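Below is one structure, written out as structure tokens; the observations come after it.
The values are calculated or read from the model by the stated rules, or taken from the named source; none is laboratory data. If you're wondering where the values come from, they're calculated on a predicted model, not measured in any experiment. Please note: Cβ atoms are built from the backbone with ideal geometry, for glycine as well, and neighbour counts cover all protein chains shown. Remember, those area values only see protein heavy atoms, side chains included, never the ligands or the DNA or RNA. Shrake-Rupley method; radii C 1.70, N 1.55, O 1.52, S 1.80 Å.
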Amino acid sequence: NLSLEKFHSLALPYYEKTKNIDLTKLSNLLHTRTEIFAHIPEMIDFLNQLPDYDIELYTHKKMKTNPENSLIALQEIKPVLETLNSWDHDSIKTTLFKLIEKLEIKTGKILWPLRTALSGKQFTPGGAFELAELLGKDESLKRIEIGIEKLG
């Protein structure tokens, strides 16, 4: 129920270890997803360092993903995102939806593997577009490459 400004000011101490991230965008993302401020560090720890995660995280029944088709998805995603000149939520979303349309697949088959590669976690405070925007282009592409290596 806090205003975004009040939430941001109260959340700032919990971001202290977070580097190279737009903290205002982070607060925007966490504002409606946070019930207890003390949970924030655990929610965002992946932003500083990608955890060493098990490739089984790429398996999601509802999204119909597994390590095999997630590898293919990441291999399709990386070159498309590399071409982006403007790295923001809308550009990332538009580009990925064009890829989804071109491949004629469900959105989850692209977005779940991407979110997993970016976070290394099963639960995150945002989706693939938000995480990619927060991490920035270089870090996002680096993490996608790590995902490809893990799955390959």
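Values as computed for the structure displayed
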quantity	calculated
Pair list, Cβ under 9 Å, 6 or more apart: segment 1-18 residue free of Cβ contacts under 8 Å to residues at least 12 places away in the same chain and under 13 Å from LEU30 (Cβ atoms), other residue polar (S, T, N, Q) and loosely packed, with under 12 Cβ neighbours inside 10 Å	none
Verdict on THR24 being within 22 Å of ASP138 (Cα to Cα) and outside any loop (DSSP other than H, G, I, E, B)	yes
Where a residue in segment 133-147 is closer than 21 Å to ILE72 by Cα and in a helix (DSSP H, G or I) and its partner, wherever it lies, is of a type outside the set (A, V, I, L, M, F, W, C) and open to solvent by 20 Å² or more (accessible area, probe 1.4 Å), with Cβ under 7 Å and at least six apart	LEU141/LYS78; LEU141/GLU82; ILE144/LYS78; GLU145/LYS78
Residues of segment 1-15 classified as open to solvent by less than 90 Å² (accessible area, probe 1.4 Å) and not in a helix (DSSP H, G or I), total	2
Tally of residues being assigned to a loop (DSSP other than H, G, I, E, B), open to solvent by 100 Å² or more (accessible area, probe 1.4 Å) and over 30 Å from LYS102 (Cβ atoms) across segment 35-64	3
Selection status of PRO67, open to solvent by less than 20 Å² (accessible area, probe 1.4 Å) and more than 23 Å from ILE40 (Cα to Cα)	yes
Count - residues of segment 73-88 that are over 14 Å from LYS150 (Cβ atoms) and either part of a helix (DSSP H, G or I) or open to solvent by 30 Å² or more (accessible area, probe 1.4 Å) (or both)	11
One residue from THR18, THR32 being within 19 Å of LYS137 (Cβ to Cβ) and in a loop (DSSP other than H, G, I, E, B)	THR18
Where a residue in segment 87-104 is more than 18 Å from LYS137 (Cα to Cα) and its partner, wherever it lies, is part of a loop (DSSP other than H, G, I, E, B) and at pLDDT 95 or above, with Cβ under 8 Å and at least six apart	ILE100/LYS106; ILE100/THR107
